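The values are calculated or read from the model by the stated rules, or taken from the named source; none is laboratory data. Note that the structure is predicted; figures quoted are calculated from it, not measured. With ideal geometry, Cβ positions are generated from the backbone for all residues, glycine too; neighbour counts draw on all protein chains shown.
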Amino acid sequence: MHSPRGVEKRNAPISRVIDAGLYSRAGNRLGTIDELVIDLDSGRIRYVLVAGVTGQRYRFPWEAVRLQRDRFVLRLVEPKLVVSAPVEPQTGPD
């Protein structure tokens, strides 16, 4: 099984996920993965920001994204397109 730009089955550097295409279950290209937002407490990816083919930026839960065959697929039956506001990094206490 081939994976996008060197992505292994269960591990991938973030640099290999950014700029990868994101597709619907039907095979339609939704856009390009633009950013991953990480929960700093758990260290897990919380959601993915996607630059859509229409120029809008959308946010999807990371749990709904799967690597299938050779590309990332959004596994939501009817994806709710949530336009994302800019994500600002959180800073710790001074």
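Here are some notes:
- Within segment 30-56, restricting attention to residues that are in contact with a Leu (Cβ under 8 Å, 6 or more places away or on another chain) and polar (S, T, N, Q), the residue that is surrounded by the most Cβ atoms within 10 Å (Cβ to Cβ) is Thr32.
- Scanning segment 66-84 for residues that are in contact with a Leu (Cβ under 7 Å, 6 or more places away or on another chain), at pLDDT below 80 and part of a loop (DSSP other than H, G, I, E, B) turns up at least one hit.
- If the condition is being within 16 Å of Arg75 (Cα to Cα) and modelled with pLDDT under 95, then segment 24-44 contributes Ser24, Arg25, Ala26, Gly27, Asn28, Arg29, Leu30, Gly31.
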